[in-house]
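Report on one structure; see the data block that follows.
The values are calculated or read from the model by the stated rules, or taken from the named source; none is laboratory data. These figures come from a predicted structure and were not determined experimentally. When we count neighbours, we look across all protein chains shown, and the Cβ atoms used for this are built from the backbone with ideal geometry, even at glycine. Protein only, heavy atoms only, side chains kept; ligands, DNA and RNA dropped before computing areas. Shrake-Rupley method; radii C 1.70, N 1.55, O 1.52, S 1.80 Å.
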Amino acid sequence: MILRKSTKKDIKELTRISKEAFDSDVQVGGTEIGGPPDYDSEEWHMDMMKQNHLYTYTCDDKTIVGGAVLFGSEKLFVGRIFIAPEHFRKGYGMSLMQDIERILSPKTINLDTPVWNERTNRFYKKCGYRETGRDSESVYYEKQM
């Protein structure tokens, strides 16, 4: 598995994967198909790439299985991660989170996820993140490295 900064040639595929991954949340508590702001926008993904926040995750040099939007360094905020639905339940999400932790070596990682999303709340707890708070929309997590 390879975690690397995204390039222009990745944008179309990352946008497709993001759309399909977030649209699948309707199967785990989402009330309608959709995702976070601009999850299906090539322009937004391109902007994140230009700002050095967009990462591509591949299982070899060619096959993109997912991506991540990451902010910060020592204190890292995971804006979003996404894995192609055809690769769900194969360990890629866990592997992606471990690579983010290992390669970027932050001291602290923070993230949030919707309250209603059973899949992502279970996933982040399984990855060792602890809940630090919640409101009516989101659950907030942190992991000290």
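What net charge do the residues around His53 carry, taking every other residue with its C-beta under 11 Å from that of His53, with Lys and Arg at +1 and Asp and Glu at -1?
Spelling it out: positives minus negatives among the neighbours equals +2.
Between Lys75, Lys19, Lys90, where does the largest GNM mean-square fluctuation fall for the chain, given springs only between Cα atoms within less than 10 Å?
Between Lys75, Lys19, Lys90, it is Lys90 that shows the largest mean-square fluctuation.
What is the sum of charges around Val139, taking Lys and Arg as +1, Asp and Glu as -1, for the other residues whose C-beta is under 10 Å from the C-beta of Val139?
After counting each charged neighbour, the total is -2.
For segment 40-145, compute Rh as the Kirkwood radius over C-alpha pairs and then the Stokes-Einstein diffusion coefficient at 20 °C and 1.002 mPa s; write the answer in µm²/s, rounded to an integer.
Details: Rh = 14.4 Å.
Value of D from the Cα-based Kirkwood radius: 148 µm²/s.
Explain nothing, just the number: relative contact order of segment 10-145, from Cα pairs under 8 Å at least 6 residues apart, as a whole percent. Walk me through the intermediate numbers first.
Working: 217 pairs, mean separation 27.3, N = 136.
RCO, segment 10-145: 20 percent.
Within the set Lys5/Lys75; Lys50/Lys143; Lys9/Lys126; Lys19/Lys125; Lys75/Lys125; Lys19/Lys126, which residue pairs have Cα atoms separated by over 29 Å? Walk me through the numbers before you get to the answer.
Numbers: Lys5/Lys75 18 Å; Lys50/Lys143 27 Å; Lys9/Lys126 33 Å; Lys19/Lys125 24 Å; Lys75/Lys125 19 Å; Lys19/Lys126 24 Å.
Table pairs above 29 Å Cα-Cα are Lys9/Lys126.
By a straight-distance test (C-alpha under 20 Å), which aspartates and glutamates pair with Lys8 as possible cross-link partners, with residues fewer than eight away in the same chain excluded?
Glu20, Asp38, Asp40, Glu42, Glu43, Asp47, Asp60, Asp61
Keeping all protein chains in place, calculate the accessible area per residue for segment 2-106 (probe 1.4 angstrom), answer in Å². All intermediate terms of the calculation are to be shown ahead of the outcome.
Values: 5500 Å² over 105 residues.
About 52 Å² of surface per residue is accessible.
Can you give me the convex hull volume of the Cα atoms of segment 37-80, divided per residue and expressed in Å³?
It comes to 91 Å³ per residue, whole-number rounded.
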